[in-house]
1. Starting from residues that are surrounded by 13 or more Cβ atoms within 10 Å (Cβ to Cβ) and among the small types (Gly, Ala, Ser), keep the ones in the stretch 65-89 and report whichever is nearest to the chain's Cα centre (by Cα).
2. All but one of (1) open to solvent by less than 70 Å² (accessible area, probe 1.4 Å); (2) more than 22 Å from Phe118 (Cα to Cα); (3) not small (Gly, Ala, Ser) hold for Trp21; which doesn't?
3. From the residues in the stretch 1-44 that are basic (Lys, Arg) and in a helix (DSSP H, G or I), which one is farthest from Ser72 (Cα to Cα)?
4. Please work out which residue is nearest to Ser13 (Cα to Cα), limiting yourself to the stretch 45-100 and to residues that are acidic (Asp, Glu) and in a helix (DSSP H, G or I).
5. Which residue pairs have Cβ atoms under 9 Å apart, sit 6 or more places apart or on different chains, and have a first residue in the stretch 98-114 that is in contact (Cβ under 8 Å) with a residue 24 or more places away in the chain and open to solvent by less than 70 Å² (accessible area, probe 1.4 Å) and a second that is assigned to a helix (DSSP H, G or I) and of a type in the set (Val, Ile, Thr)?
6. Taking the residues in the stretch 29-58 that are modelled with pLDDT under 90, surrounded by fewer than 16 Cβ atoms within 10 Å (Cβ to Cβ) and of a type outside the set (D, E, K, R) as candidates, determine which candidate is nearest to Met95 (Cα to Cα).
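The values are calculated or read from the model by the stated rules, or taken from the named source; none is laboratory data. Given the structure is predicted, the values throughout are model-derived calculations rather than measurements. Every residue, glycine as well, gets a Cβ built from its backbone with ideal geometry; the counts of neighbours run over all protein chains shown. With ligands, DNA and RNA removed, areas are computed over all heavy atoms of the protein, side chains included. Shrake-Rupley method; radii C 1.70, N 1.55, O 1.52, S 1.80 Å.
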Amino acid sequence: MKIFYTILLLVGSNVFMTLAWYGHLKLQEMRISSSWPLLGVILFSWCLAFFEYCLQVPSNRIGFVGNGGPFSLLQLKIIQEVISLTVFTALAMAMFKGESLHWNHFAAFICLIAAVAFAFYK
């Protein structure tokens, strides 16, 4: 179950992270935040990032082998990066209609999957 909870919390964390980093661009595109000063955009993003950390920190504590979890520190980081790029891709495709995937993006995902395989290779 620790694997499941770790992955689930990482996915949730990365949804908030992606929204914090790129959500303000969608709000600007929708003319909601066009007049916000940069400090306002930063504060908005920080508010979203708070929830990212509320999920990220427990995920790492649950998943880390030093706390009885199944993953080494490096494995946790590589899993997080793959989830991050997967969540980002899904949200970018849903939120920004001008974005599209090309062959090189798929090649990059294959390399990420290989990175995970290498990280777990004994």
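1. Per the stated criteria, the residue is Ser84.
2. (1)
3. Of everything passing the filter in the stretch 1-44, Lys26 is farthest from Ser72 (Cα to Cα).
4. Among those residues, the one meeting the criterion is Glu52.
5. Phe109/Val82; Phe109/Thr86; Phe109/Thr89; Leu112/Ile78; Leu112/Val82; Leu112/Thr86
6. Within the stretch 29-58, the match that is nearest to Met95 (Cα to Cα) is Met30.
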